[in-house]
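Colleague: Before we start, here is the structure in question, set down as structure tokens.
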Amino acid sequence: MRRERGISELYADPDRGDALVFGRRVGATRRGFLGRAALAAMGAAVGASIPFSRHMPAGLIPAAFAEAGRPGDLIAEKDGLRILNDRPLNAETPPWLLDDDITPVGRHFVRNNGNLPERGGDLTGWTLTVDGAVKRALTLDLPALRRFEQASAAVVLECGGNGRAGFNPPAKGNQWTIGAVGCAAYTGVRLADVLEAAGVEPNAVYVGYYGEDVHLSGDPKKTVISRGVPIEKALDPDTLIALEMNGAPLPALHGFPARLVVPGWPASVSGKWLRRLWVRDRVHDGPKMEAPSYRVPERPVKPGSDVAPGAMRIIERMPVKSVITAPRSGGEVRVGHSVEIRGHAWSGERAVKAMHISLDFGATWRACTLETPRNRHAWQRWRIELTPPAPGYYEVWARATDDAGEMQPMVVPGWNPKGYLNNAMHRISLTVKA
Ligand SMILES: Nc1nc2c(c(=O)[nH]1)N[C@H]1C(S)=C(S)[C@@H](COP(=O)(O)O)O[C@H]1N2
Ligand SMILES: [Mo]
């Protein structure tokens, strides 16, 4: 009951939801909303009456019970993150710690597929090789890399599996809720400039990365992960080889001394601890490029089905999404007082153009103010000040719409075998005290 749940799980099986909350089925009216007895039970469970109960779907597990980030799940370098796994290290950020416009290093999620490279923060012997379908292979040390023009940008990195915990039937892998995302400021050089120096051959179609991290088996011949992007994305002037994060050298956990930052795509293509970039004459085929890794069915499938590898496509841009960073879920306000609700919104390679919130389980929506991003690919601040109408239990649901008109779904979208791309709306609970 403690882990954060998507809105959807509830719709999928209302009876089970009721049983989880109340220990029994409490029953719904014919229209699928809560009946009187159910309402009383629900009110008692959340500790307040529910002013918008007429809109509350039966089986909805209250957000009040869906808290993530229990204390105690702490790691030294990370401030209040929830550890999903310590070997390899994987940790996500509770939404209320994502409030900063630029995510501090201590609050940026970590996703490692293997063990950290031995070098830590030591540069000895480090070079980056660029080879393959190029006119001249390059071997660059850090000073050589720094001689390229410097570029800086705030960039959202989101794991392709962020939100995996919401899928039903469950998908194996880290059970990310909503916090495998962050927006840090990166400084480095444009991948395009480095590729241009190497001279990309006309037959180049993809660029694959190799990092220095160590396979969990300990076998030095095994590669942890080696993904890549099409040459067009690699040549996009916003794609960086980052050397700094938030104005300091990249931390060991985030790829020291150099990582790719590929905006708008699943963060798995933003290779950390770079040692080689291989320009390919075919779609890169390193570990975790093949199906089903980072692929989704080309066409919608029935939840739980087997999907043939050939019927899957590589994930490219990430979908529209938002997070509520304040107040913290479970917060209280006094009746008659206003409360500022705020957060961030982003959409892969697009801009977000509208942000709405609902206080009444999705019956009505109010437009929030939405700031423009500080640069393309940074997330956008949204906020709204409102005064809930009466004492009681509320849920805030948040929905972003991007400039192509794509909107976050209320329920978990397209089930897929590995649990990628869940951009269902985020929700929190809010209690108004008399
Ligand atoms: N070399 C290497 N690069 C990697 C990974 C990895 O395990 N090894 N994980 C990838 C994945 S799946 C994600 S989501 C991001 C996470 O970046 P972060 O730890 O800086 O948040 O790094 C990507 N780059
Ligand atoms: Mo990831």
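The values are calculated or read from the model by the stated rules, or taken from the named source; none is laboratory data. Since we're looking at a predicted model, the values are computed, not measured. Positions of Cβ are backbone-derived with ideal geometry, glycine not excepted, and every protein chain shown enters the neighbour counts. What goes into the accessible areas is simple: the full protein's heavy atoms, side chains included, and nothing from ligands, DNA or RNA. Shrake-Rupley method; radii C 1.70, N 1.55, O 1.52, S 1.80 Å.
Colleague: Step by step: first the residues of region 261-291, then only those that are out of contact with any strand residue (DSSP E or B) (no Cβ under 6 Å at 6 or more places or on another chain) and closer than 15 Å to residue 113 by Cβ, then the one that is farthest from ligand 1 (Cβ to nearest atom). Which residue is that?
Modeller: 290
Colleague: Another question, then. Against the definition (surrounded by fewer than 22 Cβ atoms within 10 Å (Cβ to Cβ) and within 15 Å of ligand 1 (Cβ to nearest atom)), how does residue 251 come out, yes or no? I'd like the intermediate steps shown before the answer.
Modeller: Working: surrounded by fewer than 22 Cβ atoms within 10 Å (Cβ to Cβ): yes; within 15 Å of ligand 1 (Cβ to nearest atom): yes.
It is true that residue 251 is surrounded by fewer than 22 Cβ atoms within 10 Å (Cβ to Cβ) and within 15 Å of ligand 1 (Cβ to nearest atom).
Colleague: Right, next: What number of residues within region 140-182 are assigned to a loop (DSSP other than H, G, I, E, B) and either hydrophobic (A, V, I, L, M, F, W, C) or closer than 27 Å to residue 98 by Cβ (or both)? Spell out the reasoning first.
Modeller: Quick first cut of region 140-182, residues assigned to a loop (DSSP other than H, G, I, E, B) only: 141, 147-149, 159-163, 167-180.
From the residues that got through so far, the ones that are either hydrophobic (A, V, I, L, M, F, W, C) or closer than 27 Å to residue 98 by Cβ (or both) too are 148, 159-163, 167-168, 170-180.
Qualifying residue count for the region: 19.
Colleague: I need the full set of residues from region 106-132 which are free of Cβ contacts under 8 Å to residues at least 40 places away in the same chain and either more than 28 Å from the chain's Cα centre (by Cα) or not assigned by TED's automatic domain parsing to the domain that holds residue 250 (or both), in order please. Working first, answer last.
Modeller: Step one: filter region 106-132 for residues free of Cβ contacts under 8 Å to residues at least 40 places away in the same chain, giving 106, 122, 124-125.
Scanning region 106-132 gives 122, 124, 125.
Colleague: With respect to residue 335, is the statement that it is surrounded by 15 or more Cβ atoms within 10 Å (Cβ to Cβ) and either farther than 16 Å from residue 155 by Cβ or outside the structural domain of residue 157 (by TED's automatic domain parsing) (or both) true? Steps first, please.
Modeller: Values: surrounded by 15 or more Cβ atoms within 10 Å (Cβ to Cβ): no; either farther than 16 Å from residue 155 by Cβ or outside the structural domain of residue 157 (by TED's automatic domain parsing) (or both): yes.
Answer is no for this residue.
Colleague: Shifting gears a bit: Does residue 343 meet the test of being more than 16 Å from ligand 1 (Cβ to nearest atom), in contact (Cβ under 8 Å) with a residue 12 or more places away in the chain, under 30 Å from residue 253 (Cα atoms) and out of contact with any Gly (no Cβ under 8 Å at 6 or more places or on another chain)? Write out each step before concluding.
Modeller: Working: more than 16 Å from ligand 1 (Cβ to nearest atom): yes; in contact (Cβ under 8 Å) with a residue 12 or more places away in the chain: yes; under 30 Å from residue 253 (Cα atoms): yes; out of contact with any Gly (no Cβ under 8 Å at 6 or more places or on another chain): yes.
It is true that residue 343 is more than 16 Å from ligand 1 (Cβ to nearest atom), in contact (Cβ under 8 Å) with a residue 12 or more places away in the chain, under 30 Å from residue 253 (Cα atoms) and out of contact with any Gly (no Cβ under 8 Å at 6 or more places or on another chain).
Colleague: Another one. Here are 204, 192, 185, 180: which of them is more than 16 Å from ligand 2 (Cβ to nearest atom), aliphatic (A, V, I, L, M) and under 30 Å from residue 397 (Cα atoms)? I'd like the intermediate steps shown before the answer.
Modeller: On the way: 204 fails: under 30 Å from residue 397 (Cα atoms); 192 fails: under 30 Å from residue 397 (Cα atoms); 180 fails: more than 16 Å from ligand 2 (Cβ to nearest atom).
Just a single option satisfies the conditions, and that option is 185.
Colleague: Given (1) within 23 Å of residue 78 (Cα to Cα); (2) within 16 Å of ligand 2 (Cβ to nearest atom), where does residue 229 come up short, assuming only one miss?
Modeller: All conditions pass for residue 229, except number (1).
Colleague: OK, next. Quick test of your reading of the structure: residue 356 fulfils all but one of (1) assigned to a loop (DSSP other than H, G, I, E, B); (2) under 27 Å from residue 48 (Cα atoms). Name the failing condition by number.
Modeller: Among (1) assigned to a loop (DSSP other than H, G, I, E, B); (2) under 27 Å from residue 48 (Cα atoms), residue 356 violates only (1).
Colleague: Now a separate question. Which count do you get for residues in region 381-394 that are open to solvent by less than 10 Å² (accessible area, probe 1.4 Å) and under 22 Å from the mean Cα position of the chain (by Cα)?
Modeller: Here is the first cut: in region 381-394, the residues open to solvent by less than 10 Å² (accessible area, probe 1.4 Å) are 382, 386, 388, 392-394.
Still in the running and under 22 Å from the mean Cα position of the chain (by Cα): 382.
Residues that pass the stated criteria total 1.
Colleague: Could you identify the single residue in 378, 351, 363, 400 that is small (Gly, Ala, Ser), open to solvent by 20 Å² or more (accessible area, probe 1.4 Å) and under 17 Å from the mean Cα position of the chain (by Cα)?
Modeller: Result of the check over 378, 351, 363, 400: 351.
Colleague: Suppose we keep only residues that are in contact (Cβ under 8 Å) with a residue 60 or more places away in the chain and within 14 Å of ligand 1 (Cβ to nearest atom) within region 223-242. Which one would you say is nearest to residue 280 (Cα to Cα)?
Modeller: The extreme case among them is 228.
Colleague: So which of 262, 339 ends up being over 28 Å from residue 170 (Cα atoms), of a type outside the set (D, E, K, R), in contact with a Ser or Thr (Cβ under 8 Å, 6 or more places away or on another chain) and within 16 Å of ligand 2 (Cβ to nearest atom)?
Modeller: 262
Colleague: Considering only residues that are among the hydrophobic types (A, V, I, L, M, F, W, C) and within 16 Å of ligand 2 (Cβ to nearest atom), which ones fall in region 240-259? Before you say what the answer is, go through the steps one by one.
Modeller: In the first step, residues of region 240-259 are kept if they are among the hydrophobic types (A, V, I, L, M, F, W, C); the result is 240-243, 245, 248, 250, 252-253, 256, 258.
Correct list: 253 only.
Colleague: Please determine whether any residue of region 222-230 is outside any loop (DSSP other than H, G, I, E, B) and surrounded by fewer than 20 Cβ atoms within 10 Å (Cβ to Cβ).
Modeller: The first filter runs over region 222-230 and keeps only residues outside any loop (DSSP other than H, G, I, E, B), leaving 228-230.
Now restrict to residues that are surrounded by fewer than 20 Cβ atoms within 10 Å (Cβ to Cβ): 230.
For region 222-230, residues outside any loop (DSSP other than H, G, I, E, B) and surrounded by fewer than 20 Cβ atoms within 10 Å (Cβ to Cβ): present.
Colleague: Could you list, in sequence order, the residues of region 151-186 that are more than 16 Å from ligand 1 (Cβ to nearest atom) and surrounded by 14 or more Cβ atoms within 10 Å (Cβ to Cβ)? Talk me through it step by step, then tell me what you get.
Modeller: Residues of region 151-186 more than 16 Å from ligand 1 (Cβ to nearest atom): 151-152, 166-170.
Selection gives 151, 152, 166, 167, 168.
Listed here are the residues, each with its yes/no results for (1) more than 15 Å from ligand 2 (Cβ to nearest atom); (2) at positive phi; (3) assigned to a loop (DSSP other than H, G, I, E, B).
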position	(1), (2), (3)
277	yes, no, no
285	yes, no, yes
301	yes, no, yes
304	yes, yes, yes
318	no, no, yes
321	no, no, no
325	yes, no, no
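Colleague: Can you tell me which residue in region 187-221 is most open to solvent (accessible area, probe 1.4 Å), limited to those that are small (Gly, Ala, Ser) and farther than 25 Å from residue 115 by Cβ?
Modeller: Step one: of region 187-221, the residues small (Gly, Ala, Ser) are 188, 192, 197-199, 204, 208, 211, 217-218.
Filter again for farther than 25 Å from residue 115 by Cβ, leaving 192, 197-199, 204.
On the way: 192: 16, 197: 37, 198: 0, 199: 9, 204: 11 Å².
Applying the filter and picking the extreme gives 197.
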